[in-house]
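The values are calculated or read from the model by the stated rules, or taken from the named source; none is laboratory data. All values reported here derive from a predicted model rather than from experimental measurement. Because the Cβ atoms are built from the backbone with ideal geometry, glycine has one as well, and the counts that use them run over all protein chains shown. Just the protein is used for accessible areas: all its heavy atoms, side chains included, with ligands, DNA and RNA removed. Shrake-Rupley method; radii C 1.70, N 1.55, O 1.52, S 1.80 Å.
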Amino acid sequence: MSDKYKMHDKDAAYFITMTVVDWINVFELRLNRLLIVESLKYCQKHKGLEIYGWCMMPNHLHMIARATGQQTLSEILRDFKKFTSKEIIRQIIDQPGNDRNWMLVRFESHGKLLKRIERYKVWMDGNHAKIICSTSIFHQKLNYIHRNPVKKSLFQIQKIMCTALHEIMPDWNHWLMMYWGHDSLSL
C-alpha cells in the first residue's frame, strides 16, 4: 500500500477527505448529517480531535484537523468511521417506508469484498490525508473547504458555510450552522 496519503507526523494538522463508497449521497438524509455532526463533537470532546475547518458534501467530508490527545488522528478517524458506519446502516434500516434499500445493497456488496468487514462497508478506505506544512497550504485548503459547497451549488450564499475556525468559535453549540438547500440546521 502506498505511503502517499498516510499520516506520519502525529503532531501535524492534515487536510482530510473521507468518502462514502460508490459516492453514495448518504448525507442527503438529515439524520445522517446530524450523526456526523454529533460524532465530530464527540471526537472533539473525548478523543482530542481539533478541527480548524470542515465541510460536509452529499457523499464525502473535508476537514482540516489534528489530534491533540492520546490517540493519533488515524485512530480517531478509524473509530469515527467505524461508529458512523454502523449508525448510518441502522438509520437506513430503521426508517419506515424507506426507499433507500438500494444503498444497503451497495454497502453490502462492498462489505463482501473484505474479510475484516462484518456486513456493510460505508466509507472508502483511507482518508486522503495531506499534511498542512505551511500557512499558505492551510489557507489554500481552508478556501477549498469554504468554496467546495458553493462550487457544487449546495449553498445559495457563500457566507453560509458548514465550517469553523476553532480558535475563533470553539463552542460547537454556538457556531455550527449547516445549510442544505432550504433545510437549515442550527445546533
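Evaluated with a Cβ-only charge set (Lys, Arg +1; Asp, Glu -1), the stretch 1-150 carries a dipole of roughly 140 debye about its Cα centre, given to the nearest 20.
When only the heavy atoms of the protein chains count and the probe is 1.4 Å, how do His60, His46 rank by accessible area, highest first? Each step should come with its number before you reach the end.
Details: His60 20, His46 110 Å².
Descending accessible area places them as His46, His60.
If a paramagnetic tag sat 7 Å from the Cα of Phe138 along the Cα-Cβ line, which residues of the stretch 35-49 would have the backbone N under 13 Å from that point? Counting only backbone N, you get no residues. Filter the cross-link list Lys82/Lys115; Lys82/Lys141; Lys81/Lys141 down to pairs whose alpha-carbon distance in this structure exceeds 24 Å. Cα-Cα > 24 Å for Lys82/Lys141; rest within. Here Glu28 sits with roughly 100 square angstrom of accessible surface, probe radius 1.4 Å.
In this structure, Arg30 and Lys112 have a Cβ-Cβ separation that, at R0 = 41 Å, corresponds to a calculated FRET efficiency of about 0.90. Between Val105 and Asp9, what FRET efficiency follows from the Cβ-Cβ distance if R0 is 41 Å, with the result rounded to 0.05? For Val105 and Asp9, the calculated efficiency is 0.55.
Given the C-alpha centroids of the stretch 68-95 and the stretch 4-26, what is the distance between them in whole angstrom? Value for the Cα centre distance between the two parts: 13 Å.
Of the whole protein surface, Arg106 contributes about 80 Å² of accessible area at a 1.4 Å probe radius.
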